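J.: Dropping a structure here in structure tokens format, bear with me for questions.
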């Protein structure tokens, strides 16, 4: 009986640790993240109840031709092509769904001006699986993002 | 077969014209809204967002044109002006981007207007609105967020406060 109690307590502790402290809410996504290509850093913030990620650092912040800071030149809306790329929200409208997953959002690729449906899964407190897709999640691509200031 | 088509067209065409003719004429009204955006210092170089929760009040926007149950068909941002508290209020701001967001999962954030670079010696910045952003669904909600991203050219210790004056073109029946 004592062994069983100990086992159950250990199991409960392990499950709690797996759920990532502190608390079980979407704010764990807040912070600065780096995609696998290392060309940008994205800061996740909250507006209302949704999560948004904006570019806060670029490996190449300036346009090589003009020498000026890059803008969103591939935006399909010509009126917005002058929006600075540094500060642009490439992750938009994510809603926390429990189990360390955020969905309902989109990811924008400034290189071609395309927007894709996207889901985020936090595989550990410092790692995200970002899956962009068109239509069905099965037909997509996953990128691994790392948190910049590592949480211990 | 051709006769059937002609008969169908002859009956259906006038019916459609009659139905369209019965619809009330679409009208347009400009509604003005003012709100303040505040940033608490210290602020860092780069983009700094401020969000303002806006309670939708069509009666206030439409004035005496407002009627209960009226159908709003289209809303667009017509003009966006941001001004600092003093003439030096926009100093150190390199760009301004305005967006709209909602807690409703079916309403994605939209960028509405931009000014880059900011050149506003008078302390007033006129942003260039995007006519492609259709906003009637946002105004059908009880509330939404207006977000202003101020791109700072350098770190700043002081708070920042900008007053926004926005004109919305509202089409209704």
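J.: For the range A:101-152, what are the per-bin percents of Cα-Cα distances with bins 10 Å wide, up to the bin holding the maximum?
T.: Result, from short to long distances: 25, 49, 22, 3 percent.
J.: Could you tell me the calculated FRET efficiency between residue A:139 and residue A:34, based on Cβ-Cβ distance and R0 = 30 angstrom, to the nearest 0.05?
T.: 0.70
J.: Multiply the residue separation of residue B:91 and residue B:36 by 0.36 nm, subtract the distance between their alpha-carbon atoms, and state the gained length in nm to one decimal. Mind showing how you got there, number by number?
T.: Details: separation 55, 0.36 × 55 = 19.80 nm, distance 1.74 nm.
Extra length available between residue B:91 and residue B:36 comes to 18.1 nm.
J.: Once you have the Kirkwood Rh of the range A:21-147 from its Cα pairs, apply Stokes-Einstein at 10 °C and 1.306 mPa s and quote D in µm²/s.
T.: Working: Rh = 15.1 Å.
Stokes-Einstein gives a translational diffusion coefficient of 105 µm²/s.
J.: Using a 10 Å cut-off around each Cβ of peptide B:42-49, what is the average number of partner chain Cβ atoms that fall inside? All intermediate terms of the calculation are to be shown ahead of the outcome.
T.: On the way: counts 0, 0, 1, 1, 8, 9, 1, 7.
That works out to 3 on average.
J.: With each label point set 7 Å from Cα along the Cα-Cβ vector, what nm distance links residue B:60 and residue B:28?
T.: 2.5
J.: Can you bin the range B:83-167 into rounded, prolate or oblate? Criterion: square roots of the alpha carbon gyration tensor eigenvalues sorted a ≥ b ≥ c, rounded for a/c under 1.5, prolate for a/b above b/c, oblate for the rest. It would help to have the intermediate numbers written out before the result.
T.: Values: a/c = 2.29, a/b = 1.98, b/c = 1.16.
Prolate is the answer for the range B:83-167, as a/c is 1.5 or above and a/b outweighs b/c.
J.: From the square roots a ≥ b ≥ c of the eigenvalues of the alpha-carbon gyration tensor of the range B:22-173, which class results: rounded (a/c under 1.5), prolate (a/b over b/c), or oblate? Display every interim value, and only then the final one.
T.: Values: a/c = 2.40, a/b = 2.06, b/c = 1.16.
Note, shape of the range B:22-173 comes out prolate.
J.: Given the Cα-Cα distance of residue A:95 and residue A:114 and 0.36 nm per residue of separation, how much length would full extension add, in nm? It would help to have the intermediate numbers written out before the result.
T.: Working: separation 19, 0.36 × 19 = 6.84 nm, distance 2.09 nm.
Going from the current span to full extension adds 4.8 nm.
Values in this text are rule-based calculations from the coordinates and carry no lab data. Only a predicted model underlies this, so the values are computations on that prediction, with no experimental measurement involved. Virtual Cβ from ideal backbone geometry, glycine too; neighbours counted across all protein chains shown.
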